[in-house]
Amino acid sequence: MAVRSVAVAGCGIAGLAAATCLARAGWRVVAFDRLDAPEPIGSGLILQPVGLAVLDAMGLGAVMRDLGAPIQRLFGRAEPSGRTVLDVRYRRPGDTGDAGLGVHRGALFALLLEAARSSGVQVETSREVAAAGDGRLQFQDGGVSARFDLVVDALGSRSPLGRAPAAPLPFGALWASLDWVEGFDEAALEQRYERASKMVGVMPIGRLPGDARRQAAFFWSLRQDGHERWLSEGLDAWKQDALALWPETRPLLDQIDEPGRMVFARYAHRTLRSAIGGAGVVHVGDSWHSTSPQLGQGANMALLDVLALATSLGAGDDLDAALRRYDRARRWHIRLYQAASYLFTPAYQSSGGFAPWVRDWLMSPVSRIPPAPAILAGLVSGRIGSPLAAIERAGWTE
């Protein structure tokens, strides 16, 4: 069979992972990125057990574990009552498998970029994709790529290769990567809430390659329409709000000396009906399905997409049939987690009073009654409905 060619649009986590896997499978791969040099955007994330399983299959899991910080628990407390409203533990007594892994987005990005380049992926920069058709990418500057057998859309939730982006959710979040300080749980994502309109969080994210300093992801929930006001009011006013909610964060806040240290992330619930686009385009990651970060699944869902796509493409010569297999392999798992995120998000990011009341007085007590703890742990880990076993039976190889 002749060597097939694929254009990967976007050099984020999904794009680099897809480029690597397809190059290793014998495809000729060219990845296109709009920036002058590919780089990560954002702070930290949790690699769940399902995401780590994909990295293991790619031969990258051990290095990522060395860089990351194991996460055993997700913990949140409402203030000023001090009531525990979130307490999810990955492992039950006797469990020996992976928990979560807090990682610096830059560390994961660097690992995937090196893997792509060492696998023979050609990366073209300063190429902002505007459209796709007949196996070619069209760029904002009017240029057109060579023709490819397949286009992988990894451009994210605002991709021009799919349906128009959904309206952003009311709340986004400010993120910063800071030096770790003692006094926080080294194996937990911790959060404090004032109802659901204010949330501050701290999570260990390990270190960057070549740097011994441990890092923390610090985040603050913020309404989409409040970002400009946040900028105009200045850091001191905001820090007073954060300290009132969680006084122990002062050593972290002291590291934020300018607004530019904080990246504002916007989120949207959006799922295309199918991963298969027109004109030989297939979607992965947020280009197919995007949601809020409340369940910590974004990167993990993207990695599962990549694994399913690479396995499906390797199962036969019929490209259309392979893409249909990929769509079926991922469809129900994605729908489950999109629905769960849609239901959970108002309890942790919303302006009203009803959702946090339900969280504090109904969801929290029920979550402690068996089998709820095991179900929550399975949901957060990404294992419920996971297609991993089926994909592995289909014959995944590096």
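The values are calculated or read from the model by the stated rules, or taken from the named source; none is laboratory data. Note that this is a predicted model, so its numbers are computed, not measured. Methodologically, a virtual Cβ is constructed for each residue, glycine included, from the backbone with ideal geometry; neighbour enumeration extends over all protein chains shown. Remember, those area values only see protein heavy atoms, side chains included, never the ligands or the DNA or RNA. Shrake-Rupley method; radii C 1.70, N 1.55, O 1.52, S 1.80 Å.
Look through region 177-186, keep the residues that are at negative phi and not in a strand (DSSP E or B), and return whichever of them is most open to solvent (accessible area, probe 1.4 Å).
Initially, region 177-186 is screened for residues at negative phi, giving 177-182, 184-186.
Right, trim to not in a strand (DSSP E or B) and you get 180-182, 184-186.
Numbers: TRP180: 31, VAL181: 29, GLU182: 130, PHE184: 21, ASP185: 61, GLU186: 90 Å².
Checked region 177-186; the qualifying residue most open to solvent (accessible area, probe 1.4 Å) is GLU182.
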Review point. Taking only pairs six or more apart or across chains, which ones have beta-carbon atoms under 7 Å, a first residue in region 351-362 that is more than 12 Å from SER197 (Cβ to Cβ), and a second residue that is among the hydrophobic types (A, V, I, L, M, F, W, C)?
Key: VAL358/ALA347; ARG359/VAL85; ARG359/ALA347; ASP360/ALA78; ASP360/VAL85
Study note, to complete from the structure: Here the qualifying pairs (Cβ atoms under 8 Å; residues six or more apart or on different chains; first in region 17-43 and among the polar types (S, T, N, Q); second open to solvent by 50 Å² or more (accessible area, probe 1.4 Å) and in a helix (DSSP H, G or I)) come out as SER43/ARG105
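Mind listing whichever residues of region 216-233 are farther than 17 Å from PHE171 by Cα and either of a type in the set (Asp, Glu) or at pLDDT below 95 (or both)?
If we filter region 216-233 for residues that are farther than 17 Å from PHE171 by Cα, which is where we start, we get 216-217, 232-233.
Within region 216-233, just GLU233 meets the criteria.
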Exercise for review: Determine whether ARG207 is under 23 Å from LEU323 (Cα atoms), touching a Lys or Arg at 6+ places or on another chain (Cβ under 6 Å) and modelled with pLDDT of 95 or more.
Suggested key: no
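Considering only region 324-339, state which residues are among the hydrophobic types (A, V, I, L, M, F, W, C) and either at positive phi or open to solvent by 10 Å² or more (accessible area, probe 1.4 Å) (or both).
Our first condition is that a residue be among the hydrophobic types (A, V, I, L, M, F, W, C); within region 324-339, this holds for 329, 332, 334, 336, 339.
The answer is ALA329, TRP332, LEU336, ALA339.
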Practice item. Filter region 17-72 down to residues that are over 22 Å from VAL380 (Cα atoms), in a strand (DSSP E or B) and open to solvent by 40 Å² or more (accessible area, probe 1.4 Å), then give me how many there are. Key: 1
Check your understanding: Conditions: (1) small (Gly, Ala, Ser); (2) touching a helix residue (DSSP H, G or I) at 6+ places or on another chain (Cβ under 6 Å); (3) closer than 21 Å to LEU253 by Cα. ALA217 meets all but one. Number of the miss?
Key -> (2)
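Only residues that are in contact with a helix residue (DSSP H, G or I) (Cβ under 8 Å, 6 or more places away or on another chain) and farther than 23 Å from PRO170 by Cα: list them for region 325-351, please.
Of everything in region 325-351, those that are in contact with a helix residue (DSSP H, G or I) (Cβ under 8 Å, 6 or more places away or on another chain) and farther than 23 Å from PRO170 by Cα turn out to be ARG325, TYR326, ALA329, ARG330, HIS333.
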Practice item. Starting from residues that are open to solvent by 50 Å² or more (accessible area, probe 1.4 Å) and not in a loop (DSSP other than H, G, I, E, B), keep the ones in region 131-165 and report whichever is nearest to ASP305 (Cα to Cα). Key: ARG136
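Would you point out which residue out of GLY285, GLY298 is under 10 Å from the mean Cα position of the chain (by Cα), open to solvent by 30 Å² or more (accessible area, probe 1.4 Å) and under 22 Å from MET58 (Cα atoms)? Even if it seems obvious, please write down each step before you answer.
Numbers: GLY285 fails: open to solvent by 30 Å² or more (accessible area, probe 1.4 Å).
Of GLY285, GLY298, the one residue that is under 10 Å from the mean Cα position of the chain (by Cα), open to solvent by 30 Å² or more (accessible area, probe 1.4 Å) and under 22 Å from MET58 (Cα atoms) is GLY298.
Give region 289-332 a look and list any residue that's in a helix (DSSP H, G or I) and of a type in the set (Ser, Thr, Tyr), or say none. Walk me through how you get there before you give the answer.
Residues of region 289-332 in a helix (DSSP H, G or I): 298-313, 319-332.
Selection gives THR311, SER312, TYR326.
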Point to revise | Within region 74-124, strands (runs of 3 or more DSSP E) holding 2 or more residues that are of a type outside the set (Asp, Glu) and modelled with pLDDT under 95 | key: 83-89
Check your understanding: Quick one: would you say ALA268 is exposed (fewer than 15 other Cβ atoms within 10 Å of the Cβ), of a type in the set (A, V, I, L, M, F, W, C) and farther than 13 Å from PHE218 by Cα?
Key -> no
Exercise for review: State yes or no: is ALA355 touching a Pro at 6+ places or on another chain (Cβ under 8 Å), hydrophobic (A, V, I, L, M, F, W, C), modelled with pLDDT under 95 and open to solvent by 20 Å² or more (accessible area, probe 1.4 Å)?
Suggested key: yes
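Of all residues in region 139-151, which are over 19 Å from ARG28 (Cα atoms) and in contact with a Ser or Thr (Cβ under 8 Å, 6 or more places away or on another chain)?
Start the filter on region 139-151 by keeping residues that are over 19 Å from ARG28 (Cα atoms), which leaves 139-143.
Result: PHE139, single match.
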Review point. Out of all the residues in region 309-323, is one or more hydrophobic (A, V, I, L, M, F, W, C), touching a Leu at 6+ places or on another chain (Cβ under 9 Å) and open to solvent by 50 Å² or more (accessible area, probe 1.4 Å)?
Key: no
Practice item. With respect to LEU231, determine if the residue is in contact with a Lys or Arg (Cβ under 9 Å, 6 or more places away or on another chain) and either open to solvent by 60 Å² or more (accessible area, probe 1.4 Å) or of a type outside the set (Lys, Arg) (or both). Key: no
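Can you tell me which residues in region 243-265 are part of a loop (DSSP other than H, G, I, E, B) and either buried (at least 20 other Cβ atoms within 10 Å of the Cβ) or not polar (S, T, N, Q) (or both)?
In the first step, residues of region 243-265 are kept if they are part of a loop (DSSP other than H, G, I, E, B); the result is 246, 254-258, 262.
Within region 243-265, TRP246, ASP254, ILE256, ASP257, GLU258, MET262 qualify.
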